[in-house]
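Asker: The structure's right below; bear with me while I get my questions together.
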Amino acid sequence: MAIQKFGQTWWGSQWLNALSQIDYSNRLPRGRSYANNGSVIDLKIEKNTVSAKVKGSRKTPYAVGLVVPPLPETTGIELLNDLAQDAVTVSKMLNRELDPKILERAFLATRLITRA
């Protein structure tokens, strides 16, 4: 079975790289291994939800899912304004690099929303 490649676009590659910088529980490599060995079936992406079934050691596949909470417009604008004031981040993006700090800032912005 051929290994499927992920993050083939520039943005996809950068996001995977940035996410791997903050993935302290090693989920991305495990997920990539499952996908590469054909264990992920019935993958669906709808709006801000990703769902799939995974063939494991059980008789029937188990369901997995990920929901990315939508960022309210005002929070998105605040995040963009914050990032725009960081010359290093802007410089990296102009050089086609996605600084992991962007994900950290976005994560903090979403945490503030869920606690409000």
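The values are calculated or read from the model by the stated rules, or taken from the named source; none is laboratory data. These numbers were taken from a predicted model, which means no experiment stands behind them. Note that each Cβ is placed from the backbone with ideal geometry, even for glycine, and that neighbours are counted across all protein chains shown. Please note that ligands, DNA and RNA were not included when accessible areas were found on the heavy atoms of the full protein model with its side chains. Shrake-Rupley method; radii C 1.70, N 1.55, O 1.52, S 1.80 Å.
Asker: Within region 23-63, can you find the residues that are over 27 Å from LYS101 (Cα atoms), exposed (fewer than 12 other Cβ atoms within 10 Å of the Cβ) and among the basic types (Lys, Arg)?
Answerer: LYS44, ARG58, LYS59
Asker: While we're on this one: Being touching a residue at least 40 places away in the same chain (Cβ under 8 Å) and either surrounded by 11 or more Cβ atoms within 10 Å (Cβ to Cβ) or assigned to a strand (DSSP E or B) (or both) is the requirement here; does LEU108 meet it?
Answerer: no
Asker: Further question: Based on this model, can you work out whether ASN81 counts as surrounded by 11 or more Cβ atoms within 10 Å (Cβ to Cβ) and of a type in the set (S, T, N, Q)?
Answerer: It is false that ASN81 is surrounded by 11 or more Cβ atoms within 10 Å (Cβ to Cβ) and of a type in the set (S, T, N, Q).
Asker: Just to be sure, is VAL67 under 14 Å from the mean Cα position of the chain (by Cα), open to solvent by less than 100 Å² (accessible area, probe 1.4 Å), more than 18 Å from GLY12 (Cβ to Cβ) and touching a residue at least 12 places away in the same chain (Cβ under 8 Å)?
Answerer: Judged against the criteria, VAL67 is a match.
Asker: Looking only at region 53-63, decide whether some residue is under 25 Å from LEU108 (Cβ atoms) and without any contact (Cβ under 8 Å) to a residue 24 or more places away in the chain.
Answerer: Within region 53-63, none of the residues are under 25 Å from LEU108 (Cβ atoms) and without any contact (Cβ under 8 Å) to a residue 24 or more places away in the chain.
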